[in-house]
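Data block below; observations after.
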Amino acid sequence: MQRPACSGAMLEHEVERVAHMMTSGSHDLGADAARRLRMLTMENRENDNLREAIGRNKALRDGILHLLKTGTDSARYWCCHCIVSLSHKHASNQSTIANHSGMMAAILDVLNKGSPLSRGAACSALVESTFRNADNALLVAKTPGMMQGVVAVMQEASGDERDDAAGVLRNCSNYSQEAAEVIVCTPGVLDALIEMCKGQHNSDRFTAMGTIQNLTRCSSVVPLLRGTRVVTDALLPSLHAMGAGEEHDVMRAEALMAVVNLSSDEQLEELEAEADVTAVIVQMLRCAVKGEAWKDVAWYDAEECLRPLAKLTLNSGNREFLRKSGFILVLANLLFRWLEVKSDRLPAFVHIEAEKRNGILSHLGYSLRPAHFLGFDTSRTEAHRKSANIFCEPVGPDSKSFRHTLGVWEAAEGFQAKDDTLELLPGITVLAKEIDLAVLALVNMARDATSASIMLDLGLPRILRAVGTATRQMRPNGPQFCGADLWVLQDRHLAMSMGHHPRLGSQENALLMCLDAPVLWMIMQEASTVSDCASCLAEALDGREKASSPRQAATEPEPMADVQHNGKTSSISRWARSWRPSGPDPMDTDADGQMADRSG
């Protein structure tokens, strides 16, 4: 029978006693202390405050470190599992334990010298320490010898131990691009991942494919991976592998995501993905927007799923698959939810103006003054709203939340037009990548008349105008996905180019003529912001509605049935025939285990 959880002074006394036993010098006492600490943390695993009190105890952390260095293999095993239970989804304990002086070196020692069980436990400790923690991910990756130790476990172990070792690489590559660079340059890592992708167990293939997919999201790693056999020996076989189950579906989806991330724009125009795999990625994105795990199998960030989906819209066949799988509605929900959260940060006078115009705020029970304006912690209010499932109401012109949120942003646009220096969202200058990608995907999808009709039915022109207002003073963090070559900006840039041509309207003394054509294009590219793309797409959609009025109401088509892929040659297979690694394989190493010279 489970013992009642400790609390208060009893817990503090018990922790001190365990810490003393750990440093007593007796091997038997040390192993018993480690087992007792594991039991203590498991008894209180639902109480984050008590777990934090345990993790904060320096004497206890010193005891864990002492046993990891000098204890028996059994004591080391239990100490690693203590780190697992203390760090599990607990950001404070993750950082406190991982940054304790000497802790990473002690875990590395277990990886190098422990038994198969204790080495697997050490990998489990690293998995929990790096889960959704970018700082710890980089710390683990940059600890000298750590990645080599993890790869050695992958190569020598099997079952759960091997899976946990790959999980360390998956977490580190997922939460830190710098860590991804370290991983891909570790000798033997790609060979080990490829072999796991060929394994018989879904869990092995699932974890290995997730790691490769994470690596392909790092722009500095992509050129290295393109020159390896990862695509031909891991991604394409996994994409067409036969099997069943949710882990198998995720593996195929991540294989497609990785293939797309590694493809050039020219290749993407020819790449027509399989409909059933594409539909799974759309489902994963839908769950990410809601803040849910996909079928309780894995968590994904919206940007992680949206990046490959946005790239797939370059192909007309993919656009049809995506439309039929409800992709447009997911994008509308993503943009709307972002606008709804950001509207809470708008100044009070904007909300007051919106009420004057529409009379909707008092009708919906909203305060005239946003919470942050009255001095409240908005992070708590937003967390409460999410937990209360306020975002469950479908996006649509007739919903109350739709009218309220967009009414506020339309009022904000009026104030911004009067004073273009007005900061409506003070302190928010960095644009979320998923907003940039969502606008790009909608621009590409709107090339097709049926998709444009669906966007009009969902009220997307109003949403896009609100996005244009909200992002006007924001710039993306990193490379911008929306650019000057998008079709919605064509009219604006055509007029600019005509003004630069002597036969099409330019005057001899015009200042525009002082610029060379490449410089002018660079300026247009820099000026083609997400805000402009969103606003221009809204205008283009409105123009189509007027041109086709009266318009037949378009409804979201039925989702496509799963496409059978086993035994058939799909278009992605035809595309794959042209894929060959270029140049020497970056996985090749010299006699000293160093990366082979790729110069020349």
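The values are calculated or read from the model by the stated rules, or taken from the named source; none is laboratory data. From a predicted model like this one, the values you see are computed outputs, not experimental measurements. Neighbour counts are summed over all protein chains in view; Cβ atoms, including those assigned to glycine, are modelled from backbone coordinates with ideal geometry. The accessibility values were calculated without ligands, DNA or RNA, using every heavy atom of the protein model including side chains. Shrake-Rupley method; radii C 1.70, N 1.55, O 1.52, S 1.80 Å.
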Out of the range 512-561, which residues are at pLDDT 75 or above and among the charged types (D, E, K, R)?
532, 539, 542, 544
Given the conditions (1) at pLDDT below 85; (2) within 21 Å of residue 306 (Cα to Cα); (3) open to solvent by 10 Å² or more (accessible area, probe 1.4 Å); (4) not hydrophobic (A, V, I, L, M, F, W, C), every one holds for residue 203 apart from (2)
Do we find that residue 243 is open to solvent by 10 Å² or more (accessible area, probe 1.4 Å) and on the phi > 0 side of the Ramachandran plot in this structure?
yes
Scan the range 59-106 residue by residue and report those that are under 21 Å from residue 13 (Cβ atoms), within 26 Å of the chain's Cα centre (by Cα) and of a type in the set (Gly, Ala, Ser).
85
Can you go through 28, 109, 48 and tell me which one is of a type outside the set (A, V, I, L, M, F, W, C), at pLDDT 90 or above and at negative phi?
109
Mind checking which residues of the range 266-299 are crowded, with 18+ Cβ neighbours inside 10 Å and assigned to a loop (DSSP other than H, G, I, E, B)?
271, 272, 273, 274
Cβ-Cβ under 7 Å pairs, at least 6 apart or on other chains, the range 151-164 side outside any helix (DSSP H, G or I), far side buried (at least 20 other Cβ atoms within 10 Å of the Cβ):
157/119; 157/120; 157/165
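Okay, residues lined up against (1) open to solvent by less than 50 Å² (accessible area, probe 1.4 Å); (2) within 23 Å of residue 255 (Cβ to Cβ):
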| site | (1), (2) |
| --- | --- |
| 112 | no, no |
| 119 | yes, no |
| 141 | yes, no |
| 145 | yes, no |
| 151 | yes, yes |
| 166 | yes, yes |
| 173 | yes, yes |
| 179 | yes, yes |
| 188 | yes, yes |
Filter the range 97-108 down to the residues that are open to solvent by less than 40 Å² (accessible area, probe 1.4 Å) and assigned to a helix (DSSP H, G or I), then identify the one that is nearest to residue 38 (Cα to Cα).
97
Of (1) surrounded by fewer than 22 Cβ atoms within 10 Å (Cβ to Cβ); (2) touching a Gly at 6+ places or on another chain (Cβ under 8 Å); (3) not hydroxyl-bearing (Ser, Thr, Tyr), residue 86 satisfies all except one. Which?
(1)
Of all residues in the range 149-189, how many are in contact with a Gly (Cβ under 7 Å, 6 or more places away or on another chain) and of a type in the set (D, E, K, R)?
4
Kindly evaluate residue 169 against the criterion of being assigned to a helix (DSSP H, G or I), closer than 16 Å to residue 140 by Cα and more than 15 Å from the chain's Cα centre (by Cα).
yes
Within the range 323-345, does at least one residue satisfy the condition of being in a helix (DSSP H, G or I), at pLDDT 75 or above and in contact with a Gly (Cβ under 6 Å, 6 or more places away or on another chain)?
no
Go through (1) in contact with a Ser or Thr (Cβ under 7 Å, 6 or more places away or on another chain); (2) open to solvent by 10 Å² or more (accessible area, probe 1.4 Å); (3) assigned to a helix (DSSP H, G or I); (4) not aromatic (Phe, Trp, Tyr) and name the single condition residue 473 misses.
(3)
Please specify each residue of the range 190-233 satisfying the condition of being assigned to a helix (DSSP H, G or I) and β-branched (Val, Ile, Thr).
194, 207, 211, 212, 216, 222, 230, 231, 232
State whether one or more residues within the range 62-75 are open to solvent by 20 Å² or more (accessible area, probe 1.4 Å), part of a helix (DSSP H, G or I), more than 16 Å from residue 20 (Cβ to Cβ) and not basic (Lys, Arg).
yes
